[in-house]
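*Asks:* Input: one structure, supplied below.
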Amino acid sequence: MLVFRSYLMATSRAKKRSGMRSSMPLGDFLVAYLQRAGVRHIFGLPGDLVLGLFHRFGRSRDIEVVTFSHEPTVGFAADGYARSTRRLGVVCVTYGAGGHNVVNPVAGAYAEQVPLLVVSGGPGVAEASIAGVHHQVKDIEAQCRIFSEVTCSAKILNHADRAAEEVHELVGTIWADSRPGYLEIHRDLVDMPIPVPKHIREWSGHFPAPKSDARKLKEAVADVAERIRAAKKPILIGGVELYRDRAEGDFLQLAEKLGAPVVTTVLAKGVFPMDHPQHMGIHVGSFSAKRIDQRVRAADLVLAFGTQLTDLNLGATKPQVDRDRSVWATSERVNVSYHSYTDVMLKDFVEGLVDERLPKHREKIVYCDNLKRGDRSAKQKLSINDMLVEVNDFLAAHSGYDVFAESGDMLFGGLEVRPSRGGLYYAQGYYASMGFGIPAALGVQIGTHRRPLILCGDGGFQMTGPEISHAPRLGLSPVVVLVNNSGWGIFRPVTPKQELLDLPPWPFAELAKSWGGVGIRVTTPSELKAALRKAHATKGFVIVECIVSKKDASPVGRRYIRRSARK
């Protein structure tokens, strides 16, 4: 009873802080609503058509506005923040030039099912009535139409009497679909009083999770449990939806109960502890380590939980597992062989299996990757393979780092990285936009206070990497392991005209020092080992610039780009 009373008091205080009233200015309502929804940070850039709303956010004592130098970074940082905290990520930008700059990060969040709210300003009614407004492209509603293609819902608030309801409906849709939504508020509406219905004023701040159909859930669990009891060589595949649906703990229980090997997809690294004795490695179709590929193909039952059937997860080929020996459970559906159970929630399904009587397997399991481990002498030139080995050795000795992989060759190199217990892995493993890594890492550290380690190529860094210069003022301390191979290295094996891949030679380590961090340039594995130790002992941000051959690539990256080129 005491705990319940404390909960009621805390909820009452949260409602009081959020300050919702029956009638209030639209801008004040939005601030109060987002506070009630648990939003603690808003990522944005000021602009004339959103300035009034931007200042409203900045005045709130319970919301911190985080700014960067360019809108794409704002979008990627909010994406990383939402992934890591499992809260709503919020982006605030101006109309036109600002909004269009953030379309690509929002598209990535849509493709990878990340809940973001994009708030844009807009011209007032009087401005909109003239022939054209600065930042406008075609007509006033053009930006909203663009965002409708990369969000689950896009709205322009035009009617004061419906504004609160429309905000509530939009945020509810974002959470239900786990995808971005777009809200446009024209600047002359920010101070307009709006009615706030009682059910919104009394809203708890949470939307109810969808419920399973009890009959379908019971039948699905019984069906799969029977198949598990009959299986001799089962294997489990963990996907990122386990984390999104807060089912990773249940999946761990199920795996330990079965004793079968566990592999995860790229985005699910860390969802199942990578140093767990049952973790066999990362499954990426035919690009998996050979023993993983063989073990998945040999399984008489493949239990895939929360995985996505994308070209990267499948290794750019068709699934390696026949449907008649597979179970594929996603957020709201369980596919068993050739039939499906709809309206069965992933977390409920995994919990149900944990409660079943299931056999215990005692297979010997060895973690596998594609790396080669050999002599790394002090004079040996650094290769990407050796760089990844050194990073893994560092992570094994220093727990708690979250690992980020920039798109490009480091997306494939990241397959081989093994965060230690407690560490999560982040990448755009499906949409794969370059420029994601460093901004996303900054957003994650803001939301979780966990230190990130980022694998990044020189090309990806030249897109958004300079935003790391904001780290000192924000109190952030990312460690960037930067692969400098003098260009767009991943395409060198398939590009006849090599000069098309050249980049200007930035002095990355020196730039780090100019921006208030520490920069270290390394050319050998032993130098990298020492640099990582120094980075760990450094309180601020660090760029470790790794000089490698132009022709070098990660083990999987080399194979992937050649296969893609043949297509």
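The values are calculated or read from the model by the stated rules, or taken from the named source; none is laboratory data. Everything quoted here is computed from the prediction, not taken from an experiment. Note: ideal-geometry Cβ built from the backbone for every residue, glycine included; neighbour counts use all protein chains shown.
*Asks:* Search region 338-362 for residues that are of a type in the set (D, E, K, R) and pair each with any residue that is surrounded by 19 or more Cβ atoms within 10 Å (Cβ to Cβ) when their beta-carbon atoms are under 6 Å apart and the residues are at least 6 apart or on different chains.
*Replies:* Within 6 Å, the pairs are Lys347/Asp245; Lys347/Ala247; Asp348/Ser212; Asp348/Leu217; Glu351/Asp250.
Per-residue answers, yes or no, for (1) assigned to a helix (DSSP H, G or I); (2) modelled with pLDDT of 95 or more; (3) out of contact with any Cys (no Cβ under 6 Å at 6 or more places or on another chain):
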{"residue": "Phe4", "(1), (2), (3)": "yes, no, yes"}
{"residue": "Leu8", "(1), (2), (3)": "yes, no, yes"}
{"residue": "Asp28", "(1), (2), (3)": "yes, yes, yes"}
{"residue": "Val31", "(1), (2), (3)": "yes, yes, yes"}
{"residue": "Phe43", "(1), (2), (3)": "no, yes, yes"}
{"residue": "Leu49", "(1), (2), (3)": "yes, no, yes"}
{"residue": "Leu53", "(1), (2), (3)": "yes, no, yes"}
{"residue": "Gly58", "(1), (2), (3)": "yes, no, yes"}
{"residue": "Arg61", "(1), (2), (3)": "no, no, yes"}
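*Asks:* When you go through Leu371, Leu346 one by one, which is the residue that is outside the structural domain of Arg333 (by TED's automatic domain parsing) and at pLDDT 90 or above? Before you say what the answer is, go through the steps one by one.
*Replies:* Working: Leu346 fails: outside the structural domain of Arg333 (by TED's automatic domain parsing).
After applying the criteria, what remains is Leu371.
*Asks:* Can you name the condition, by its number, that Gly122 falls short on among (1) in contact (Cβ under 8 Å) with a residue 60 or more places away in the chain; (2) crowded, with 24+ Cβ neighbours inside 10 Å; (3) outside any loop (DSSP other than H, G, I, E, B)?
*Replies:* Status for Gly122: all satisfied but (3).
*Asks:* Among the listed residues Pro555, Pro504, Pro478, Pro525, which satisfies the condition of being surrounded by fewer than 18 Cβ atoms within 10 Å (Cβ to Cβ) and either under 21 Å from Lys379 (Cα atoms) or not basic (Lys, Arg) (or both)?
*Replies:* Of Pro555, Pro504, Pro478, Pro525, the one residue that is surrounded by fewer than 18 Cβ atoms within 10 Å (Cβ to Cβ) and either under 21 Å from Lys379 (Cα atoms) or not basic (Lys, Arg) (or both) is Pro504.
*Asks:* Name the residues in region 413-430 that are modelled with pLDDT under 90 and among the aromatic types (Phe, Trp, Tyr), would you?
*Replies:* Across region 413-430, the qualifying residue is only Tyr430.
*Asks:* Another question, then. Which of the numbered conditions does Ile237 fail, given that it passes all the others? Conditions: (1) aliphatic (A, V, I, L, M); (2) surrounded by fewer than 21 Cβ atoms within 10 Å (Cβ to Cβ); (3) assigned to a strand (DSSP E or B).
*Replies:* The number of the failed condition is (2).
Listed here are the residues, each with its yes/no results for (1) in contact with a His (Cβ under 9 Å, 6 or more places away or on another chain); (2) without any contact (Cβ under 8 Å) to a residue 24 or more places away in the chain.
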{"position": "Pro452", "(1), (2)": "no, no"}
{"position": "Cys456", "(1), (2)": "no, no"}
{"position": "Gln462", "(1), (2)": "no, no"}
{"position": "Pro472", "(1), (2)": "no, no"}
{"position": "Val479", "(1), (2)": "yes, no"}
{"position": "Lys497", "(1), (2)": "no, yes"}
{"position": "Asp502", "(1), (2)": "no, yes"}
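*Asks:* Taking region 482-521 only, how many residues are more than 16 Å from Ile454 (Cα to Cα) and among the hydrophobic types (A, V, I, L, M, F, W, C)?
*Replies:* Number satisfying all stated conditions: 10.
*Asks:* Please list, ordered by first then second residue, the pairs with beta carbon atoms under 6 Å, 6 or more apart or interchain, first in region 131-147 and closer than 18 Å to Ile185 by Cβ and modelled with pLDDT of 85 or more, second of a type in the set (Asp, Glu) and surrounded by 13 or more Cβ atoms within 10 Å (Cβ to Cβ).
*Replies:* Cys144/Glu184
*Asks:* Then there is this: Any residue at all in region 257-278 that is modelled with pLDDT of 90 or more and assigned to a helix (DSSP H, G or I)?
*Replies:* yes
*Asks:* Phe76 fails exactly one of the following numbered conditions: (1) without any contact (Cβ under 8 Å) to a residue 60 or more places away in the chain; (2) crowded, with 24+ Cβ neighbours inside 10 Å; (3) not in a strand (DSSP E or B). What is the number of that condition?
*Replies:* (1)
*Asks:* So if I check each of Tyr81, Tyr95, which one is of a type in the set (Ser, Thr, Tyr), modelled with pLDDT of 95 or more and touching a His at 6+ places or on another chain (Cβ under 9 Å)? Show your work before the answer.
*Replies:* On the way: Tyr95 fails: modelled with pLDDT of 95 or more.
From the options Tyr81, Tyr95, the qualifying one is Tyr81.
*Asks:* Taking region 481-490 on its own, how many of its residues are crowded, with 18+ Cβ neighbours inside 10 Å and out of contact with any Gly (no Cβ under 6 Å at 6 or more places or on another chain)? Talk me through it step by step, then tell me what you get.
*Replies:* Residues of region 481-490 crowded, with 18+ Cβ neighbours inside 10 Å: 481-485, 487-490.
In the following step, the residues that additionally are out of contact with any Gly (no Cβ under 6 Å at 6 or more places or on another chain) were identified as 481-482, 484-485, 487, 489.
Residues flagged as crowded, with 18+ Cβ neighbours inside 10 Å and out of contact with any Gly (no Cβ under 6 Å at 6 or more places or on another chain) within region 481-490 amount to 6.
*Asks:* Right, next: Grab the helices (runs of 4 or more DSSP H) fully contained in region 423-497, keeping just those with 1 or more residues being closer than 21 Å to Tyr560 by Cβ and either not acidic (Asp, Glu) or not assigned by TED's automatic domain parsing to the domain that holds Ser69 (or both). I'd like the intermediate steps shown before the answer.
*Replies:* Working: elements: 437-448, 458-464, 471-474.
Output list reads 437-448, 458-464.
*Asks:* For residues that are more than 20 Å from Ala209 (Cα to Cα) and of a type in the set (Ser, Thr, Tyr), scanning just region 140-164, find the one that is farthest from the chain's Cα centre (by Cα). Steps first, please.
*Replies:* Looking only at region 140-164, we keep the residues that are more than 20 Å from Ala209 (Cα to Cα), and these are 140-151, 154-164.
Next cut, of a type in the set (Ser, Thr, Tyr) only: 148, 151.
Details: Ser148: 21, Thr151: 16 Å.
Per the criteria, the residue is Ser148.
*Asks:* Test each condition in (1) without any contact (Cβ under 8 Å) to a residue 60 or more places away in the chain; (2) buried (at least 18 other Cβ atoms within 10 Å of the Cβ); (3) in a helix (DSSP H, G or I) for Lys513 and report the one that comes out false.
*Replies:* (2)
*Asks:* Does region 99-111 contain any residue that is touching a His at 6+ places or on another chain (Cβ under 8 Å), surrounded by fewer than 20 Cβ atoms within 10 Å (Cβ to Cβ), within 16 Å of Phe147 (Cβ to Cβ) and modelled with pLDDT under 95?
*Replies:* no
*Asks:* Moving to a separate point now. Give the residue that is farthest from the chain's Cα centre (by Cα), with candidates limited to residues of region 165-185 that are β-branched (Val, Ile, Thr) and within 15 Å of Leu34 (Cβ to Cβ). Lay out the reasoning, then the answer.
*Replies:* So the first thing to find is which residues in region 165-185 are β-branched (Val, Ile, Thr), and the list is 167, 171, 173-174, 185.
If we keep only those that are within 15 Å of Leu34 (Cβ to Cβ) as well, we get 167, 171, 174, 185.
Values: Val167: 24, Val171: 19, Ile174: 16, Ile185: 27 Å.
For region 165-185, the residue satisfying everything is Ile185.
*Asks:* Looking at region 65-76, can you tell me whether even one residue there is closer than 20 Å to Tyr426 by Cα and hydroxyl-bearing (Ser, Thr, Tyr)? Step through it out loud before you land on a result.
*Replies:* Start the filter on region 65-76 by keeping residues that are closer than 20 Å to Tyr426 by Cα, which leaves 72-76.
Checking which are hydroxyl-bearing (Ser, Thr, Tyr) leaves us with 73.
Yes, because at least one residue in region 65-76 is closer than 20 Å to Tyr426 by Cα and hydroxyl-bearing (Ser, Thr, Tyr).
*Asks:* Looking at region 530-545, is at least one residue exposed (fewer than 13 other Cβ atoms within 10 Å of the Cβ) and touching a Gly at 6+ places or on another chain (Cβ under 7 Å)?
*Replies:* No, there is no match, as no residue in region 530-545 is exposed (fewer than 13 other Cβ atoms within 10 Å of the Cβ) and touching a Gly at 6+ places or on another chain (Cβ under 7 Å).
*Asks:* For the condition touching a strand residue (DSSP E or B) at 6+ places or on another chain (Cβ under 8 Å), on the phi < 0 side of the Ramachandran plot and buried (at least 23 other Cβ atoms within 10 Å of the Cβ), what is the one hit in Gly443, Gly460?
*Replies:* Details: Gly460 fails: touching a strand residue (DSSP E or B) at 6+ places or on another chain (Cβ under 8 Å).
Answer to the selection: Gly443.
*Asks:* Can you say whether Ala214 is among the hydrophobic types (A, V, I, L, M, F, W, C) and at pLDDT below 95, as far as the supplied structure shows?
*Replies:* Numbers: among the hydrophobic types (A, V, I, L, M, F, W, C): yes; at pLDDT below 95: no.
So Ala214 does not fit the description; no.
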